[in-house]
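To start, the structure under review is shown below, and the notes come after it.
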Amino acid sequence: MKAVVPILLVISGIIIIKFVGCSGDSGDCKPITQAEATHIDPEKTGIIKGMVLFKGNAPRKVLQMGHAECRSLHGGEVQDESLVVSDGRLQNVFVYIKGGLENFKFATNLSAAQIGQKKCIYVPHVTGVMVCQPVLFTTSDSVDHNVKITADDGSELNNFTLIPSVGKKEFKFTKQCVMAKLTCNYHNWMTAYVGVLNHPYFAVTGTDGSFEFKNVPQGKYIIEVWHETLGTKQSKLVELKPKEAQAVEFTYN
């Protein structure tokens, strides 16, 4: 297992701990219970919401499937999800609170997040989970697949086969990671991404490019956005007061 090295950054007075590398040995996972979590007064929380926009030309790309059996599962062309823009709004952007929550502990979400291999495509294409949250990988295809998980520093976390007769496997990330990449050694066009955090304030933009974090404790936060082809956008500072809704907008071009 590759070591996880913390890097301390300070932006607008907020200390940010950035982890380079993440691990995936489920045996190391110790979920945080509700009793261990920091108590948050709901009367002192607010909402952070916003939009991720794209300016410029974003032509529709077709996914190149190099396997006849996989192509036959679709009735026509399949859109490449690496850059999807609708009316200037960017989809599949991972948005999260990067700094400001260092003094909080949050109970682990023990509900399994599901990532499927459907018609030789990962679904969803981008998602987020908490550290030690179960991730259930499934396949509904008649062809064999595998799941290769690579950390943000390029180290391999796991590599396992999913075949029709087995159909599923559970996995847990044990450290923060933005982002882990999923691939399939049998079908090189199959990619997906997972953001792993020790808090629940993350989202993936849909077709309308929007995101929202509810029940955020009052305070100052650094918000960051990540996109697989456009990269990480400059962080923005948000100061949130109780019962307040703060809006923030990011624009790629």
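See the values below:
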quantity	calculated
3J(HN,Hα) from dihedral phi, region 107-114, Karplus parametrisation 6.51/-1.76/1.60, rounded to Hz, x for glycine, proline	4, 5, 6, 8, 6, 5, 7, 10
Among beta bridges that DSSP assigns inside the chain, antiparallel share in %, nearest 5	75
GLU43-GLU249 FRET efficiency (beta carbon distance; Förster radius 22 Å; 0.05 resolution)	0.20
Estimated [θ] at 222 nm from DSSP helical runs (n ≥ 4, -39500 (n - 2.57)) normalised by residues in the chain, nearest 500	0 deg cm²/dmol
Pairwise centroid distance, computed over Cα atoms, of region 193-253 with region 140-190, Å	26
Those lysines that a straight Cα-Cα span of less than 29 Å connects to LYS168, excepting residues fewer than 8 apart in one chain	LYS2, LYS30, LYS118, LYS119, LYS148, LYS181
Whole-Hz couplings from phi, Karplus 6.51/-1.76/1.60, listed for region 152-162; x for Gly and Pro	5, 9, x, 6, 7, 8, 6, 7, 9, 9, 10
For THR139, net neighbour charge (Lys/Arg +1, Asp/Glu -1) across residues whose Cβ lies under 12 Å away	+2
Candidate values [x] 19.9; [y] 19.3; [z] 21.3, label of the one derived for Kirkwood radius over Cα pairs in Å	[y]
Local net charge near ALA112, Cβ-Cβ under 13 Å (Lys/Arg +1, Asp/Glu -1)	+2
Vicinal HN-Hα couplings computed from phi for region 47-58 (Karplus, 6.51 cos²θ - 1.76 cosθ + 1.60; Hz; Gly/Pro x)	10, 10, 9, x, 9, 10, 10, 9, 10, x, 8, 10
Sorted peptide list for 214-223, 49-58, criterion being average Cβ within 10 angstrom, highest first	214-223, 49-58
Net +/- balance of residues flanking LEU90 in space, Cβ distance below 13 Å, scoring K and R +1, D and E -1	-2
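Every number here is computed from the coordinates shown, using simple stated rules; none is lab data. Note that the coordinates shown come from a computational prediction; the quantities given were computed from them, not determined experimentally. Backbone-built Cβ (ideal geometry, glycine too); neighbour counts: all protein chains shown.
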